[in-house]
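Below you will find the structure I want to go over with you.
Every number here is computed from the coordinates shown, using simple stated rules; none is lab data. Everything quoted here is computed from the prediction, not taken from an experiment. Using ideal geometry, Cβ is built from the backbone for each residue, glycine included, and neighbour counts are taken over all protein chains shown.
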Amino acid sequence: MKMIIAIVQDKDSQRLLTELVEHNFRATKLASTGGFLKSGNTTFMIGTDDYRVDKALEVIKKNCQSREQLVAPVSPMGGNADSYVPYPVEIQVGGATVFVLPIEQFLQF
Ligand code: 2BA
């Protein structure tokens, strides 16, 4: 069995959850925050049998798109001057960042 952890954009999260359930995957959706943008994203935990991992990845890939995002300059006042960028910067935020981990034990009580 594997645990798939997928960090996706909020905009894609509801559609992804619907499709995962339609394909009979069990998933838990968590509100998360990206360390770089310091804005909300969504983390999915999907526990599944090894033979279904590829299908889960296919569903994630199909429902999550990468987008350009403009990062506005943030005043260093009261913040960290090291990370100050004086002009807006366009960055590419990925559709999904995915980790596939082995599961040692799966228990339900
Ligand atoms: P954030 O940390 O908010 O990052 C959003 C996007 O900002 C990233 O998109 C990347 O394009 C850019 N970015 C991140 N760190 C950067 C840096 N030091 N310099 C320049 N640009 C940077 P993605 O790479 O697609 O990541 C989307 C979200 O996935 C991340 O949000 C974070 O929440 C998560 N993530 C990505 N890689 C991760 C990792 N290795 N471990 C844990 N979470 C990760």
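To the nearest 0.05, what FRET efficiency results for Gln69 and Thr18 with a Förster distance of 30 Å applied to their C-beta separation?
0.80
May I ask you to order 87-95, 3-11, 99-107 by the average number of other C-beta atoms within 10 Å around their residues, highest value first?
3-11, 87-95, 99-107
Can I ask one more? For Asn41, enumerate residues with amide H under 5 Å from its amide H, sequence gap 5+ or separate chain, H modeled in the peptide plane.
Under 5 Å from the amide H of Asn41: Ser32, Thr33, Gly34.
Sticking with this one: Quick check on the chain: what does the Kirkwood estimate of hydrodynamic radius come out to from the alpha carbon pairs, in Å?
For the chain, the Kirkwood estimate is 15.5 Å.
For Gln105 and Phe36 in the same chain, what is the full-extension length gain: residue separation times 0.36 nm, less their Cα-Cα distance, in nm?
Between Gln105 and Phe36, full extension yields an extra 21.6 nm.
Quote the FRET efficiency, to the nearest 0.05, computed for Asp54 versus Gln92 with a Förster distance R0 of 22 Å and r equal to the Cβ-Cβ distance.
Plugging the Cβ-Cβ distance into 1/(1 + (r/R0)^6) gives 0.30.
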